1. Please list, in chain and number order, the residues 5+ apart from ILE49 or on another chain whose amide H is under 5 Å from its amide H, with Hs placed from the backbone.
2. Non-local amide H neighbours of SER91 (under 5 Å, H modeled in plane, Pro and chain starts lacking H): which ones?
3. For ARG30 and ASN57, calculate 0.36 nm times their separation in residues minus their Cα-Cα distance, and state this gained length in nm to one decimal.
4. Only Cα pairs under 8 Å and at least 6 apart count here; give the relative contact order of segment 31-98 as a rounded whole percent.
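Every read-out reported here was derived from the displayed coordinates using simple, explicitly stated rules and does not represent laboratory data. From a predicted model like this one, the values you see are computed outputs, not experimental measurements.
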Amino acid sequence: MPQRRLSSRIVQVGMIGTLSMTLAACGSDRSTTAYCADRDDFSGGQYRIVDDNYCDNGAYGRYFWYYGGTVVGNRVYKGTTLKPKKGSITSYHGRTIQRGGFGSKSSSGGG
């Protein structure tokens, strides 16, 4: 019987942890960082980060917003080109691209 009780506790703790993470993700005002990336400067799975103005001007499709990811020096990887629908988005250089929290549809700027 002690083994049964131990395994039940492990399952309960795991389920509580999963539920807590789910609730936190659904209820939080997630913030995402957007990086203006150079499509023509892709090396080793990483894009070069450039000034926000390049993405704002649409420079012939060469530059685009890249959301999330990991930064190493002036390069970013492991992000996405899909703009998050919820939460706020701030550019790497500190400019607000999208305001709003859970369920918000308001936006400003490029993207």
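1. When sequence neighbours closer than 5 places are left aside, the close amide H contacts are ARG75, VAL76.
2. Residues meeting the amide H criterion: ALA34, THR96, ILE97.
3. 7.1 nm
4. 37 percent
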